[in-house]
Every structure is written in structure tokens, then in C-alpha cells.
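Chemist: Quick one: this structure, given as C-alpha cells, is what I'll be asking you about.
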Amino acid sequence: MGLMMKIYLCILSFISIMWANESNNATQMHNIESYMKLARENYPLYKNTQLLDKALALSLTQLNMHFIPHLRFSGKASYQSEVTTLPFTALNNFSFDYKPLNKDQYQFVLELAQPVLDMGHFAKKDSIKAQYATQKADVSISLYKIGQSVINQFFALALINEQISQNEIHIEELNKNLKNLNVLYRNGAIEKEALSKINIEILNAQKIAQELQSQKEVVINTLSLLTAYQVSDNPLLPDFEEQKEFLQSVQHYIQEENIKDSVFTYRPENIFFALKDLEIRTQKKLENAKNLPYIDLFVQGGYANPGLNFLKGAFSSYYIAGVRINWDFSNLYSKSQQNELIKNQSLRLNAQKEEFNLNNKITLNKHIKDTNNLLMQMKENDEIVALRESILRTQEVKLRNGMLSINDFITDINNLNLAKLQQNYTKIEFLMQIYNIKQILNVWHYDEAQ
């Protein structure tokens, strides 16, 4: 094999691999899971998750600055009605130079303080973390709801595609029968009115095709706006057999009449409830921390009139260094009321959680029953379509032999078309119900790590 041939084969292999990868990526980009992911990431609120992370980091940095040395300056100028005087009149008999204090006094102080113990700081830090976690969980709930919008639009598109496809088959069936009727008309077996009636049915079907195409464009535009991606006009439907297996596994795990709250563990709402409960508990710790002492080291440098030696009666500088404790007991007066408010918050949160899980149990149970009913309907639909096709073939023979009116024949064509539409509808509806179940359970675990 020549060198050029080897190079040619290598290039051809590389192109084949790249084409296969592109095809695989394109397939993945056209399924419902990829659209749901794109819709979440494109939704404006998605940016809030990163913004909340930045805000939390800034808040914690700001809070940690509490333990760096604090530098404070204060100044005071005052006039008072009385000042300290020496009451010893006996001193007047001696040559004692004593000058009373001025009633106008001045003080300027520069203080450097280093916090040593502040239990409220740590409680506040935990509280801030809990608050931001709750806010992120709240954003996640809004993002999660976008998934339901995608499911609705995706399967609306699938239903329209099935209608368009079946309508095309219906038009083909009508055109085929129109040709047969033309032969019968030329042979004098039927009146021209029969041809007109078939043509009317074809025109009606073409009109429906235009309406369906218009509806399809609306749904595609909506889905494209949600995902910020040019959605395929024929997206890849989930594998039917895989979804049946999923339903069986769900039914094996879940007893319809006794659904446990644990099956909704990964719902962002339940994650929100758990984080909100943590926030309430950190709030209680913060309230308790307000009753604990605050200790710091300090050094003050001052310039005042009078100074520390107030008998001097003139401006002088001074310094003071030491340890200081502040203990505020005023919060004890309202502690019981505050604890009652926190307890009330917790009870209301639990009630909301119970209501949420109860509603989901009812909805999940309904979806499971509806999905099983659809499976049974699909078997019946297959039988109905087979019977309608058999009837139509028989009616075609009768029509050719002049034993059937054109109106009855058109009715049989339309009945077969409706039966096939119902057959396709039921399959799409089954897939949609499966994804409604997945949405209720959050099988994607979108917010598990948040």
C-alpha cells in the first residue's frame, strides 16, 4: 500500500470518527433531557445561583473583619452646671494655690480594641450561611418548574408531529382512492359527485396540514426561547420500552396506596424545607448568643481638660489599657416570646412540608394509575386499528362493485384515520405521563448538591 493511500485512509477514518461524534452529539442535543438542562441554564434566575455564592463570600468576609483590631476616635465638648470642688475650708488658712475646675470640659480619645470573645459572631456566621442556602434552594425551586414547561412543550411538539404524519398518510389514502374512483367514474360505475366529495376531503386534510404546521412553528419557537437553542422540528422521543421498564421499577418500589415521603427526598422543595428548618434553628442559636458576654482588649490614648488628674485643671494627655466585658441582659426579658415565635415558624414550616408531600402523593398516585390505563388503551387501540383497516379493505371492494355509497366509504376512511391518531396520541400521552412521574420524583437529582 502506497504512502498516499495510507494518508488518504487516515484522513477518511478521522472524518468518519468526527462525523460519528457530531451525529452522537446532535442526537443527545435533541432529546428531552438536554432541552430541560438547557432551559434551566438559560433561565434568567439561573444567574442568581452564582450571584448568591458571591454575595455569601462577601458577607462572610465582611463578618470575619469583626475580629480585626477596631480603631475608634471620639470627641466631646460639654458644659456642666457643677464641678468637683474641695470642701475643706480649713485649707484656706494656708497658702494653698487651688483653682476650681472649669465648667466647660473637653475630651478627645483614640481607642484600639481587639475582640477576644464574641459568641454572637459565630452564631451570626452560621445564620448567614443558612439564609443564603435557603435563598439558593428557593431559586432552585423556580428553576425546577421550568422542567415541567419543557415537558409540556416537548410532547406538544411530538403530538403535532404525529398529527402531521398521520394527516399525510390520510391524504395519501384519499389520493389513492381518488385514483380508483376516477377509474370507476370513467367506466360509468359512479357519479361525478363521488369524485367531488373525495376532493373535498383532500382539501380539508390539506387545510388541517397548514393549521398543524402553524401550531408546530409556535411550539418550536416557544421551546427554542426556553432553551436558547434552535430546537429540532423532529426531536428524538424517549425509548418506549425503556419507559415501560421505568414504570415497572417505580411500581415495584412504590406502593400506590402507601407512598412514603422519602420518595420525594430529591425534590428541591423538600431540600428547601430542610434548609429552612436549619435556618430557623440557627436563628434560635443567634438569639441565645445575644445573652452571652462580649470581651475585648483595649488601649485608649486621650487628650482632655481635665485629664485623669482632674485636680490639675488643664489640658493633659493620658492612656488607659485593659480588658473589658460587656454583658447585655435586656434580651432575657423577651426571650420566651422570641422562642415562641421561632417555634411557631417551625410548626408552620412542617405544615407546609406535610401539605407538599401529601399533594405529591395524590398527584403521583394519579399519574401511575393513568399511565397503566394508557398501556391498556394502547393494546385496545392496536386491535381497533387492525379492525378498521380490515373494514376499509372490505369497503373498497364493495365500493368498486357499487354496493357502498361514497359517504359511507369516506366515513370509513375517516374512522381509520381517527383510530390511528388515537393510537399515536395514546403512545405520546404515555411517554408524557412517564416524564410527569420523573418530574414529580426528580429522578435527575438536579438540586441534590445545592
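The values are calculated or read from the model by the stated rules, or taken from the named source; none is laboratory data. Since the model is a prediction, treat every value here as computed from it, not as a measurement. Using ideal geometry, Cβ is built from the backbone for each residue, glycine included, and neighbour counts are taken over all protein chains shown.
Chemist: Checking the condition among the aromatic types (Phe, Trp, Tyr), in a helix (DSSP H, G or I) and closer than 30 Å to residue 259 by Cα, which residue from 409, 430 passes?
Modeler: That would be 430, the only listed residue that is among the aromatic types (Phe, Trp, Tyr), in a helix (DSSP H, G or I) and closer than 30 Å to residue 259 by Cα.
Chemist: Taking the stated definitions as given, is residue 384 surrounded by 13 or more Cβ atoms within 10 Å (Cβ to Cβ), more than 20 Å from residue 244 (Cα to Cα) and of a type in the set (A, V, I, L, M, F, W, C)?
Modeler: yes
Chemist: Taking residue 340, is it assigned to a helix (DSSP H, G or I) and under 27 Å from residue 273 (Cβ atoms)?
Modeler: yes
Chemist: Since residue 374 meets every condition but one in (1) surrounded by fewer than 18 Cβ atoms within 10 Å (Cβ to Cβ); (2) over 30 Å from residue 193 (Cα atoms), which condition does it not meet?
Modeler: (1)
Chemist: So in the stretch 182-213, with the set limited to residues that are in contact with a Leu (Cβ under 8 Å, 6 or more places away or on another chain), of a type in the set (A, V, I, L, M, F, W, C) and without any contact (Cβ under 8 Å) to a residue 60 or more places away in the chain, which one is farthest from residue 401 (Cα to Cα)?
Modeler: Step by step, filter the stretch 182-213, then rank; the result is 205.
Chemist: Could you tell me which numbered condition residue 349 fails, if it satisfies all but one of (1) touching a residue at least 24 places away in the same chain (Cβ under 8 Å); (2) in a helix (DSSP H, G or I); (3) over 29 Å from residue 436 (Cβ atoms)?
Modeler: Failing condition for residue 349: (3).
Chemist: For the stretch 63-97, name all the residues that are surrounded by fewer than 10 Cβ atoms within 10 Å (Cβ to Cβ), aromatic (Phe, Trp, Tyr) and at pLDDT 65 or above.
Modeler: Residues satisfying the conditions are 73, 79.
Chemist: Among the candidates 279, 287, 354, single out the residue that is within 30 Å of residue 113 (Cβ to Cβ) and under 37 Å from the mean Cα position of the chain (by Cα).
Modeler: 287
Chemist: Could you tell me which numbered condition residue 348 fails, if it satisfies all but one of (1) within 30 Å of residue 266 (Cα to Cα); (2) touching a Phe, Trp or Tyr at 6+ places or on another chain (Cβ under 7 Å)?
Modeler: (2)
Chemist: Does any residue in the stretch 126-140 that is in contact (Cβ under 8 Å) with a residue 60 or more places away in the chain and crowded, with 19+ Cβ neighbours inside 10 Å come within less than 8 Å, Cβ to Cβ, of a residue that is part of a helix (DSSP H, G or I) and β-branched (Val, Ile, Thr) six or more places away or on a different chain, and which pairs are these?
Modeler: Going by the 8 Å Cβ cut-off, the qualifying pairs are 127/282; 130/282; 136/49; 137/271; 139/49; 140/49; 140/271.
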